[in-house]
């Protein structure tokens, strides 16, 4: 190993370790679909395959080299897709990023080993080499992991499009090509003094490629977050505007019902047959039943409940409510309309999928309890949802721009220093919200 010509090619197991570290940092900062034990098993199998293939094809060039590289990239993409809850395109995007990060880690590992020979004037012992490699890998893995962790939340809803994958692939291809051109230079240079600079340049090229990909990912995540926040704000505003329209409509209907009640009273004085009296009694009973509905003590909640109740009646859904609306007086009108509007919309959407109309049941309860306001909404549910971070995962294909309803519910609860829990079992979905009673 003292011959400089023998130090041109980085050993395959360096790359195997680097690739495993890189893809691990990506996978454990993305929404996972597998248990961590399964993920570790998959990564170890991939590590073994890459190590074996690189040992058999070490120093290969031309078509064989390109084919092997494509195989390694494909394996990393498969690992991401198998372990993470991603679309195929998104898995390709993250697999490409992991590959370039792995290239950077391997470059740094190798230049440290080369420097120990260059400046130590001898090949380091196996024990020293392994010790240094473990320390370097631990530090690099921690740095990469925590850099990726900054955008772990954004990754939960990240959904790469074709242009984003092509952009990432273009950056990665440029960085990888420029990096490996250094080998062509190194192979023609048999002076140690020159090789160290070749490896430094290669390291800088890999660093630049990984940095560009990271910066691109940050920019895309920030843009997606901005768009998501804008859509969430639009949803909140739309919910509130919908409440205002409902309020005006119900006020007009209430006025008409009061007028009708007065007219019934007049007609009763002029009705001489028992049949006419019975008809008027039935009309008055219907009016009283309407007036008795959704009088919770909170005008906003009454409006939302009345609108949803009318919808439920038209769609064979049974909505029952026992609510102390006064307990919610500390909440703003917009927050109230958004919270209950989204919660009830989600429940209605769920029960509408049930063919058996007898099972289309929704129960709402709002009450004060020992210094807290408890909100409980439950509905029959035949399709049990999957949960992620305590929230049900959206069933829509485009995850980036759906799931606003449950997220807005959590945001509003946290705004009032409250908490939200959701669970589904035994054919029922349950939403529980606990808020400090700020009126005490």
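The values are calculated or read from the model by the stated rules, or taken from the named source; none is laboratory data. What you are looking at is a predicted structure, and each value in this text was computed from that prediction instead of being measured. Positions of Cβ are generated from backbone atoms using ideal geometry, with glycine treated the same way; all protein chains shown enter the neighbour counts.
Below is a table of values for the structure above.
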| item | result |
| --- | --- |
| Qualifying position, being out of contact with any helix residue (DSSP H, G or I) (no Cβ under 9 Å at 6 or more places or on another chain), at pLDDT 90 or above and in the same structural domain as residue 158 (by TED's automatic domain parsing), among 25, 41 | 41 |
| Residue list for segment 62-71, filter: closer than 21 Å to residue 100 by Cβ and either surrounded by 20 or more Cβ atoms within 10 Å (Cβ to Cβ) or over 39 Å from the mean Cα position of the chain (by Cα) (or both) | none |
| Looking only at segment 76-98, and only at residues there that are free of Cβ contacts under 8 Å to residues at least 40 places away in the same chain and touching a helix residue (DSSP H, G or I) at 6+ places or on another chain (Cβ under 7 Å), the one that is nearest to residue 20 (Cα to Cα) | 77 |
| Close pairs from segment 409-433: first in the same structural domain as residue 344 (by TED's automatic domain parsing) and at positive phi, partner in a loop (DSSP other than H, G, I, E, B) and surrounded by fewer than 19 Cβ atoms within 10 Å (Cβ to Cβ), Cβ under 9 Å, at least 6 apart | 417/438; 427/382; 427/384 |
| Residue within segment 81-90 that is under 27 Å from residue 204 (Cα atoms) and either over 23 Å from the mean Cα position of the chain (by Cα) or modelled with pLDDT under 90 (or both) present | no |
| Within segment 325-364, tally of residues that are exposed (fewer than 15 other Cβ atoms within 10 Å of the Cβ) and in a strand (DSSP E or B) | 0 |
| Among the residues listed as 349, 382, the single one being under 28 Å from residue 421 (Cβ atoms), in the same structural domain as residue 419 (by TED's automatic domain parsing) and modelled with pLDDT under 85 | 382 |
